[in-house]
1. Give me a count of the residues in segment 86-101 that are among the aliphatic types (A, V, I, L, M), crowded, with 16+ Cβ neighbours inside 10 Å and touching a strand residue (DSSP E or B) at 6+ places or on another chain (Cβ under 8 Å).
2. Hey, does segment 112-121 have a residue that's closer than 13 Å to E62 by Cβ and without any contact (Cβ under 8 Å) to a residue 12 or more places away in the chain?
3. Any idea which residue in segment 63-98 is nearest to F28 (Cα to Cα), counting only those that are out of contact with any helix residue (DSSP H, G or I) (no Cβ under 8 Å at 6 or more places or on another chain) and hydroxyl-bearing (S, T, Y)?
4. Scanning segment 13-27 for residues that are within 13 Å of K64 (Cβ to Cβ) and at pLDDT 90 or above, which turns out most open to solvent (accessible area, probe 1.4 Å)?
5. Does segment 29-49 contain any residue that is in a loop (DSSP other than H, G, I, E, B) and on the phi > 0 side of the Ramachandran plot?
Amino acid sequence: REKIRYLRRKISMSREKGNIGEDKACLFLSDNGYTIIERNFYSRFGEIDIIASKDGVLHFIEVKSGLDYESAVSNITPSKLKKFIKTVHVYLKKNALNVDFMVDAVLVTPKDVELLENITL
């Protein structure tokens, strides 16, 4: 029982950290001309943290937090990116969208928020 409580507390703290990072990312994006359309879209393949639009392009955004740039960017692995892209296609199909889109990442560190556009290249 104690182990289960510990794991639940750890998951809760991780979600809270993720929500703080996503909130910072949304503020950053809004300040830079993006319109937030949706947050936390789930499919059986994974989750899209933020869906936003700017200049007629839909942006599917993965938010990664870390103590510094390197630790944040290293959390974007090829297998996570593959699942993320599958989830993007689920969203597009579910909403019958045929639009220009990009897969981006927002890296959140204690000192900075940085946008990496088109991370699939």
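The values are calculated or read from the model by the stated rules, or taken from the named source; none is laboratory data. All values reported here derive from a predicted model rather than from experimental measurement. FYI the Cβ positions are ideal-geometry reconstructions off the backbone, even for glycines, and counts take in every protein chain you see. Accessible surface areas use protein heavy atoms only, side chains included; no ligands, DNA or RNA. Shrake-Rupley method; radii C 1.70, N 1.55, O 1.52, S 1.80 Å.
1. Kept after step one, since they are among the aliphatic types (A, V, I, L, M), are these residues of segment 86-101: 88, 90, 92, 96-97, 99.
From what is left, the residues that are crowded, with 16+ Cβ neighbours inside 10 Å are 88, 90.
Those still in the list that are touching a strand residue (DSSP E or B) at 6+ places or on another chain (Cβ under 8 Å) too: 88.
Residues flagged as among the aliphatic types (A, V, I, L, M), crowded, with 16+ Cβ neighbours inside 10 Å and touching a strand residue (DSSP E or B) at 6+ places or on another chain (Cβ under 8 Å) within segment 86-101 amount to 1.
2. No, every residue in segment 112-121 fails to be closer than 13 Å to E62 by Cβ and without any contact (Cβ under 8 Å) to a residue 12 or more places away in the chain.
3. Y69
4. Within segment 13-27, the match that is most open to solvent (accessible area, probe 1.4 Å) is K24.
5. First, pick out the residues of segment 29-49 that are in a loop (DSSP other than H, G, I, E, B): 32-34, 43-46.
Okay, now just the ones that are also on the phi > 0 side of the Ramachandran plot, so 33, 46.
Yes, some residue in segment 29-49 is in a loop (DSSP other than H, G, I, E, B) and on the phi > 0 side of the Ramachandran plot.
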